[in-house]
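First up is the structure itself, then whatever we jot down about it.
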Amino acid sequence: MRSAPRVTVFHEAGQRLTLYDYGTRQELIFGKVPILTSAALGTERDFGALAKTLCTRSCPRILIGGLGFGATLASVLQVTGQQAEVIVAEKLATVVELVSGPLAHLNPGVLQDPRTQLVQQDVIEVLERERNLDLILLDVDNGPDWASFRSNASLYGDRGLRTAFKALRHGGAYALWSGYPADRFIKRLRRAGFEPLVIPLYERRKLQARAYVGKKPPQKPKSVRPRG
């Protein structure tokens, strides 16, 4: 018989957040909606590891939308060099408190790494002011059709994707973690100017998630008019 979990309650943004700790698994519920689980950290680590292939510069600037339990950030730090700049946008202070304290053992030291810049703000607001990013990794929801917060829905529409496109340098990439097939999102990526592709993410050899990737084309060389 499975023992009852240890329950910790937080209050933020007018909602109740409940952490269920089963010992080998932790789950965070926002109101009545599950938003984080340590059972899916494998796909999140693979998602962060995409930085190794999607970043072409030795000193990349990377924006991670959503701290989660720190798995995506841990992988990004592992595969990038010491000159990387990793901005993490997380608006829930409760999540930051958990990753810094009682759940720090899941991904130790990620917030203390000198390359990490934590911004406690909505990721869309961070995107609007950023420029020359090499990579955007978004994992704030279960996918583009399932937003934990109403404000997150704007990330996945045409306007939000154009904002992300503008925040990237030429040759940069955008990636969205999704726990379910969302192939209609490919058309949205293409409309925003991205070159899309889909990367499967596995957990214990089973397809559990997907990374919807959009690459911003390299800058075209300026044409030189012949003299005379």
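Counting only strands (runs of 3 or more DSSP E) wholly contained in segment 163-221, the ones carrying 1 or more residues that are at pLDDT below 95, among the aromatic types (Phe, Trp, Tyr) and farther than 21 Å from SER58 by Cα occupy 195-203.
Take GLY160 and decide whether it is surrounded by 21 or more Cβ atoms within 10 Å (Cβ to Cβ), small (Gly, Ala, Ser) and under 27 Å from LEU41 (Cβ atoms). When the stated conditions are applied, GLY160 passes them.
Check whether at least one residue in segment 119-141 is β-branched (Val, Ile, Thr), free of Cβ contacts under 8 Å to residues at least 60 places away in the same chain and more than 20 Å from ARG190 (Cβ to Cβ), and report yes or no. Yes - at least one qualifying residue is present in segment 119-141.
Considering segment 73-92 alone, what residues qualify as being of a type in the set (A, V, I, L, M) and part of a loop (DSSP other than H, G, I, E, B)? Across segment 73-92, the qualifying residues are ALA84, LEU92. Of all residues in segment 97-110, none satisfies being modelled with pLDDT of 95 or more, within 14 Å of the chain's Cα centre (by Cα) and either of a type in the set (A, V, I, L, M) or surrounded by fewer than 20 Cβ atoms within 10 Å (Cβ to Cβ) (or both). The residues in segment 142-152 that are closer than 16 Å to PHE185 by Cα and either modelled with pLDDT of 85 or more or in a loop (DSSP other than H, G, I, E, B) (or both) can be counted, and the count is 5.
Return yes or no: is SER58 small (Gly, Ala, Ser) and free of Cβ contacts under 8 Å to residues at least 24 places away in the same chain? Judged against the criteria, SER58 is not a match. In segment 168-180, the residues that are more than 11 Å from GLY65 (Cα to Cα) form Cβ pairs under 7 Å with partners that are β-branched (Val, Ile, Thr) and surrounded by fewer than 17 Cβ atoms within 10 Å (Cβ to Cβ), at six or more places apart or across chains, as follows: GLY171/THR56. A search for C-beta distances below 8 Å between a residue of segment 93-118 that is outside any helix (DSSP H, G or I) and any residue that is surrounded by fewer than 12 Cβ atoms within 10 Å (Cβ to Cβ), counting only pairs 6+ apart in sequence or on different chains, returns ARG115/GLN82. For segment 4-17, taking the residues that are aliphatic (A, V, I, L, M) and surrounded by 12 or more Cβ atoms within 10 Å (Cβ to Cβ), the one that is modelled with the lowest pLDDT is identified as ALA13. Suppose we filter segment 27-61 for residues that are of a type in the set (A, V, I, L, M, F, W, C), in a helix (DSSP H, G or I) and touching a Ser or Thr at 6+ places or on another chain (Cβ under 7 Å); how many remain? Number of matching residues: 3. Looking across segment 18-55, the residues that are among the basic types (Lys, Arg) and either at pLDDT 95 or above or within 21 Å of TYR174 (Cα to Cα) (or both) come down to ARG45, LYS52. Checking each residue in segment 1-26 for being in a loop (DSSP other than H, G, I, E, B) and within 20 Å of VAL96 (Cβ to Cβ) picks out ALA13, GLY14.
The values are calculated or read from the model by the stated rules, or taken from the named source; none is laboratory data. If you're wondering where the values come from, they're calculated on a predicted model, not measured in any experiment. Cβ coordinates were reconstructed from backbone atoms using ideal geometry, including for glycine residues, and neighbour counts include every protein chain displayed.
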